[in-house]
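I have placed the structure first, in the form of structure tokens, so that the comments after it can refer back to it.
The values are calculated or read from the model by the stated rules, or taken from the named source; none is laboratory data. Owing to the predicted nature of the structure, the values given are computational and were not obtained by experimental measurement. Every residue, glycine as well, gets a Cβ built from its backbone with ideal geometry; the counts of neighbours run over all protein chains shown. The protein model used for the area step is the full one, side chains on, heavy atoms only, and it has no ligands, DNA or RNA in it. Shrake-Rupley method; radii C 1.70, N 1.55, O 1.52, S 1.80 Å.
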Amino acid sequence: MTIQPADSEVLTRVNHLLAINRPVVIAIAGAVGVGKTTYAKVLADAVDELIDTENGTNVATVVSTDGFLLPNAVLEAKGLINQKGFPETFDDDALRWFLETIRTDHSIIGLPRYSHDSFDVEVSEEPFLVTPVIVVEGVNALQPAIAQHYDLRLYLDADPTDIVDWYVDRFVNFTTLARESGSGFYTRFIDLSPAALQDTARWVYDTINLPNLVEHIEPTKAQADVIVFKDRDHSSTITLVDSRSDPSRR
């Protein structure tokens with residue numbers, strides 16, 4: 001995925017927000033499988049190119065809200081392990097603390113990260129260095145309880161059929177990687193036939209991810225300043241919702 005001409009409006013807004021004398025915090029929300037992580041990385045790279053520093057240090061850093069999921073042991077105890085990604089499976093207090101702390105602190109020790117090997121939360125031993133731009137991506141990034149903590153709010157959208165297909169492709173790819181490495185969460189699916197694997201991926205999406213999208217994620221589109229709509233070929237169009245992110249209005 002690359003930044004499209006339509007996305008220049010997002011970069012323009014980020015550039016204007018850099019006039020604020022503190023870190024700029026951007027949210028990217030959207031469905032599971034819609035491409036939030038990839039879009040966040042592409043946007044961060046584009047910001048780094050836009051604000052080229054002499055010493056080559058990064059201007060933008062990406063943080064996933066997956067790191068603020070409750071640990072699997074807690075989810076198991078609460079009977080929520082099969083609802084992972086629903087609002088009640090996140091530690092909202094920890095996420096709010098993070099969003100408040102990056103406004104004033106230069107580094108954070110012990111930031112939780114989500115491992116895609118163990119599919120559980122792990123505490124990072126490396127300090128998290130606060131950069132001028134922080135891109136926060138995740139299914140819960142625009143939940144009303146935390147939406148006010150951002151300077152720019154993006155919602156990544158797409159046709160529902162495309163989202164399902166992308167999710168299935170990702171599921172199959174993760175299983176292929178697990179088969180090659182012999183480790184990780186997806187090893188439980190490596191003995192399935194190609195057809196059964198795709199059926200399983202669609203079942204997971206229909207029973208877990210789709211209800212979460214309809215009931216909890218899609219309603220947060222109302223919190224967005226900008227809606228980025230991805231076509232099947234990953235080209236994008238931009239819809240500006242309002243001017244809440246204009247720094248002159250702050």
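Name every residue in the range 169-185 that is free of Cβ contacts under 8 Å to residues at least 60 places away in the same chain and either within 28 Å of Ile238 (Cα to Cα) or not in a loop (DSSP other than H, G, I, E, B) (or both), in order of residue number.
We begin by selecting, within the range 169-185, every residue free of Cβ contacts under 8 Å to residues at least 60 places away in the same chain; these are 169, 171-182.
Hits for the range 169-185 are Asp169, Phe171, Val172, Asn173, Phe174, Thr175, Thr176, Leu177, Ala178, Arg179, Glu180, Ser181.
When each of Arg202, Arg188 is tested for being in contact (Cβ under 8 Å) with a residue 12 or more places away in the chain, basic (Lys, Arg), out of contact with any Leu (no Cβ under 9 Å at 6 or more places or on another chain) and open to solvent by 60 Å² or more (accessible area, probe 1.4 Å), the lone residue that passes is Arg202. Summed over the range 93-109, the residues that are in contact (Cβ under 8 Å) with a residue 40 or more places away in the chain and either among the aliphatic types (A, V, I, L, M) or in contact with a Gly (Cβ under 8 Å, 6 or more places away or on another chain) (or both) give a count of 3. Quick check: is even one residue across the range 68-80 surrounded by 16 or more Cβ atoms within 10 Å (Cβ to Cβ), in contact with a Gly (Cβ under 7 Å, 6 or more places away or on another chain) and in a helix (DSSP H, G or I)? No, the range 68-80 has no match at all.
Listed here are the residues, each with its yes/no results for (1) part of a loop (DSSP other than H, G, I, E, B); (2) over 30 Å from Ala46 (Cβ atoms); (3) open to solvent by 10 Å² or more (accessible area, probe 1.4 Å).
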| residue | (1), (2), (3) |
| --- | --- |
| Glu88 | no, yes, yes |
| Asp93 | no, yes, yes |
| Phe98 | no, no, no |
| Glu126 | yes, no, yes |
| Asn140 | yes, no, no |
| Arg153 | no, no, yes |
